[in-house]
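Input: a single structure, listed below in structure tokens.
The values are calculated or read from the model by the stated rules, or taken from the named source; none is laboratory data. Source: prediction; values computed, not measured. Backbone-built Cβ (ideal geometry, glycine too); neighbour counts: all protein chains shown.
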């Protein structure tokens, strides 16, 4: 398999755990297309929590395209065949430590996915991490908590998040 660019110390075993290890060292959204292509067989049918956010200044042109489409629409194109859930991407990484398991009410974490079982797994992981999962809807609804939206990186309770993300009535 070809080497992935911009991934220092990439494990030679192209296993999903090796990719996770490498991505923790240097997470980049522009690696999603390469990961999806190179690990298509290994990731097929697997539940994937996509925590990435596309930033053009870091990720290049693909970030502009992902933002235009919405991450919930773009990410499945990069990771075909996965059971994708958008999760943990609307909160600063520092808050994952400082706000986890705080006294109630807990911080709400928005989730979007088209696979009911994958969403249940994501809800459990969010709860186990000390947050309150808020299922917003299908992947297309991930746009509602993408970069630049009113809820992005705000520490809202689940009730506040539901209120902010409730569909508007005509």
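Which condition does residue 114 not pass, out of (1) in contact (Cβ under 8 Å) with a residue 40 or more places away in the chain; (2) surrounded by fewer than 22 Cβ atoms within 10 Å (Cβ to Cβ); (3) under 14 Å from residue 47 (Cα atoms), if it passes all the others? Checking residue 114 against (1) in contact (Cβ under 8 Å) with a residue 40 or more places away in the chain; (2) surrounded by fewer than 22 Cβ atoms within 10 Å (Cβ to Cβ); (3) under 14 Å from residue 47 (Cα atoms), the one that fails is (1).
Under the condition of being at pLDDT below 95 and more than 18 Å from residue 135 (Cβ to Cβ), the residues counted in the range 149-170 number 3. Please go through (1) surrounded by 15 or more Cβ atoms within 10 Å (Cβ to Cβ); (2) in contact (Cβ under 8 Å) with a residue 40 or more places away in the chain; (3) within 22 Å of residue 48 (Cβ to Cβ); (4) over 13 Å from the mean Cα position of the chain (by Cα) for residue 147 and return the number of the only condition it doesn't satisfy. Among (1) surrounded by 15 or more Cβ atoms within 10 Å (Cβ to Cβ); (2) in contact (Cβ under 8 Å) with a residue 40 or more places away in the chain; (3) within 22 Å of residue 48 (Cβ to Cβ); (4) over 13 Å from the mean Cα position of the chain (by Cα), residue 147 violates only (4). Take residue 134 and tell me if it is within 23 Å of residue 35 (Cα to Cα), free of Cβ contacts under 8 Å to residues at least 60 places away in the same chain and assigned to a strand (DSSP E or B). The answer is no for residue 134.
Taking the criterion of being touching a helix residue (DSSP H, G or I) at 6+ places or on another chain (Cβ under 6 Å), assigned to a loop (DSSP other than H, G, I, E, B) and within 11 Å of residue 131 (Cβ to Cβ), no residue of the range 105-120 qualifies. Checked against (1) at pLDDT 95 or above; (2) in a helix (DSSP H, G or I); (3) under 12 Å from the mean Cα position of the chain (by Cα), residue 68 passes all but a single condition, namely (3). Of all residues in the range 90-104, those satisfying the criterion of being under 28 Å from residue 65 (Cβ atoms), out of contact with any helix residue (DSSP H, G or I) (no Cβ under 7 Å at 6 or more places or on another chain) and outside any helix (DSSP H, G or I) are 91, 92.
Here is a yes/no grid of residues against (1) at pLDDT 90 or above; (2) assigned to a loop (DSSP other than H, G, I, E, B); (3) more than 12 Å from the chain's Cα centre (by Cα):
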position: 18; (1), (2), (3): no, no, yes
position: 21; (1), (2), (3): no, no, yes
position: 35; (1), (2), (3): no, no, yes
position: 48; (1), (2), (3): yes, no, no
position: 52; (1), (2), (3): yes, yes, no
position: 76; (1), (2), (3): yes, no, no
position: 85; (1), (2), (3): yes, no, no
